[in-house]
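So the structure is just underneath, and the comments pick up after that.
The values are calculated or read from the model by the stated rules, or taken from the named source; none is laboratory data. Since the structure is predicted, the reported quantities are computational estimates derived from the model, not experimental observations. Backbone-built Cβ (ideal geometry, glycine too); neighbour counts: all protein chains shown.
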Amino acid sequence: MFSSKIIGMGSFLPPKKLTNHDLEKMVETNSDWIVERTGIYSRSIAEDGQGTSDLALVAAEEAIKNSGIEKSDIELLIFATVTPDYLMPSSACYLQAKLGLGNIMAFDLAAACSGFVYSLSIADQFIKTGHYKNVLIIGAEILHHKVNYDDRGTCILFGDGAGAAVVTRAEDGEESKVLSTHNHADGSLADLLYVPSGGAVIPFTQETLDSGEIFVSMKGREIFKHAVRTMSQACQEALDANNLKKEDIDWVIPHQANARIIEAVAKHFDLSMDKMIVDIENMGNVSAATIPVALNNGLKSGKIKKGDLVLMTAFGAGLTSGSALVRL
């Protein structure tokens, strides 16, 4: 069995911003209330006509450039998203063509906000078994189309963006590697966070458009509770699997859903906030993209360094959850 490692990161947040003060003009809310409850000041918004694969393309190009390998070396593309360009075919196929990757395996993965850690786990398995050597993983979303701007409980949270990583085979004895991944799902809680219409059960119609069933529906209090529980459990699972203590971790990168959730995870897990990467202020909740964007920003700023032990953890609609422990 081989080991895998991350060798290149990339990210892209559209320059267009929807600020809290913009939202004050759209829905009954105010900036102080939003910041107090979420930690968000603004969120990135894709331009009209942009697809999720367009955002992913920018992030992927940066990740490949930073990896030092050629596009022709990539053997698998995994695209984590719940906001694909089209219902069919997959956004992975569009991105594959835009990148010019050739006739390789490419598929979408729908694990919502846990999409990046799910994708990293799958890439790790393909590399461990020797099936592939170089895998490109993407977490990207355009969520503002799925938000009802009359619902202040959801419209203040979500934004658009993309993050990418190149994962490759680690050499024998190399410290840099993916140490372990741990992923779960509990479908009995699916109705806590979902989009009611647009699928096979309730197809898109004028009626569902008028009723607002095409938008995200979220039970915020229940989501908060389960988010804290599942991310804390996933963190502990990663430590137990590697016989480590929380003091051994350099950084925890949680899904950037809400600053209060991140603080609650730190408290529940008995971790100092100094070890928590919080990068939500001007990004918002970008679902599968938040972890790779936060990791890439941390690397570019010098806050996160090569050799650091990084614990990523996420939860999302499904409810999905997971963690990945990585030595960079």
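Worth a mention:
- Meets criteria (out of contact with any helix residue (DSSP H, G or I) (no Cβ under 7 Å at 6 or more places or on another chain), outside the structural domain of L109 (by TED's automatic domain parsing) and closer than 22 Å to I122 by Cα) for A317: no
- Leading residue by the ranking (surrounded by the fewest Cβ atoms within 10 Å (Cβ to Cβ)) among those in the stretch 23-66 that are small (G, A, S), in contact with a strand residue (DSSP E or B) (Cβ under 8 Å, 6 or more places away or on another chain) and closer than 17 Å to V293 by Cβ: S42
- Only one of the listed residues (C155, C113) is in contact with a Ser or Thr (Cβ under 6 Å, 6 or more places away or on another chain), surrounded by 15 or more Cβ atoms within 10 Å (Cβ to Cβ) and within 30 Å of W33 (Cα to Cα). That residue is C113.
- Those residues of the stretch 45-71 which are among the hydrophobic types (A, V, I, L, M, F, W, C), assigned to a helix (DSSP H, G or I) and in contact with a Lys or Arg (Cβ under 8 Å, 6 or more places away or on another chain), in sequence order: L57, I64
- Only one entry of A97, A63 meets the criterion of being out of contact with any helix residue (DSSP H, G or I) (no Cβ under 7 Å at 6 or more places or on another chain), under 26 Å from P254 (Cβ atoms) and of a type outside the set (D, E, K, R), and that entry is A63.
- Any chance E171 is in contact with an Asp or Glu (Cβ under 7 Å, 6 or more places away or on another chain) and either closer than 30 Å to V27 by Cβ or surrounded by fewer than 17 Cβ atoms within 10 Å (Cβ to Cβ) (or both): no
- First in the stretch 179-194 and hydrophobic (A, V, I, L, M, F, W, C), second anywhere and part of a helix (DSSP H, G or I), Cβ under 6 Å, 6 or more apart: L192/E222; L192/I223; L193/I223
- Extreme residue, nearest to V82 (Cα to Cα), among residues of the stretch 134-151 that are crowded, with 17+ Cβ neighbours inside 10 Å and of a type outside the set (A, V, I, L, M, F, W, C): E141
- Annotation: of all residues in the stretch 77-102 being under 29 Å from Y194 (Cβ atoms) and aliphatic (A, V, I, L, M), the one that is nearest to the chain's Cα centre (by Cα) is A80.
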